[in-house]
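Undergrad: Submitted below is the structure of interest, expressed as structure tokens.
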Amino acid sequence: MTDPSCLFCRILAGAIPSEQVGQNDLAVAFRDLDPQAPTHVLVIPKVHVATLPELAASHAEAAVAVLTLARQVAIEDGVGDAYRLVCNNGSEVGQSVFHAHMHVLGGRAMTWPPG
Ligand code: AMP
């Protein structure tokens, strides 16, 4: 299930280039175009669902696959278990692409709370 008007569906289809760094049966990982840390990878489900909570409700296995791939990517990128997972859920808090995704950020010190 894809949405031709969705940026990440078009990346999945290969219509827009990306630097893919991993995948499993249900999820794909590629580097963010505007990295905010030495490691900044986006992990997305192959199915088009607008947000991660909606994905968890409708396709629980895909949500788990996103988390599993996030960990694998962090390890393969050399940051081990020291990474931040970010999900901007809703435009009010910064979500700009409405295809569920998780940011994997690592490789530098981080502060809390986030901005
Ligand atoms: P969000 O703002 O949480 O929805 O995250 C969307 C992310 O997609 C942003 O961090 C953008 O930098 C990233 N992005 C937008 N277009 C592309 C692209 N063509 N390839 C890779 N990342 C992208």
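The values are calculated or read from the model by the stated rules, or taken from the named source; none is laboratory data. Because the structure is predicted, anything quoted here is derived from the model rather than measured. Glycine also receives a Cβ, built like all others from the backbone with ideal geometry; neighbour counts cover every protein chain displayed. Heavy atoms of the whole protein, side chains included, go into the accessibility calculation; ligands, DNA and RNA do not. Shrake-Rupley method; radii C 1.70, N 1.55, O 1.52, S 1.80 Å.
Undergrad: Please go through the stretch 10-44 and give me each residue that is of a type outside the set (Lys, Arg), within 11 Å of the ligand (Cβ to nearest atom) and surrounded by fewer than 17 Cβ atoms within 10 Å (Cβ to Cβ), ordered by number.
TA: Result: Ala15, Ile16, Pro17, Glu19, Gln20, Leu33, Asp34, Pro35, Gln36.
Undergrad: Also, quick follow-up: Checking His101 against (1) open to solvent by 20 Å² or more (accessible area, probe 1.4 Å); (2) within 14 Å of the chain's Cα centre (by Cα), only one condition comes out false. Which one?
TA: (1)
Undergrad: A further question follows. If a residue must be within 15 Å of the ligand (Cβ to nearest atom) and within 11 Å of the chain's Cα centre (by Cα), how many such residues does the stretch 59-98 contain?
TA: Matching residues across the stretch 59-98 total 8.
Undergrad: Need a quick list: strands (runs of 3 or more DSSP E) entirely within the stretch 33-115 having at least 1 residues that are touching a Cys at 6+ places or on another chain (Cβ under 7 Å) and closer than 25 Å to Pro4 by Cα.
TA: Counting at least 1 such residues, we get 102-106.
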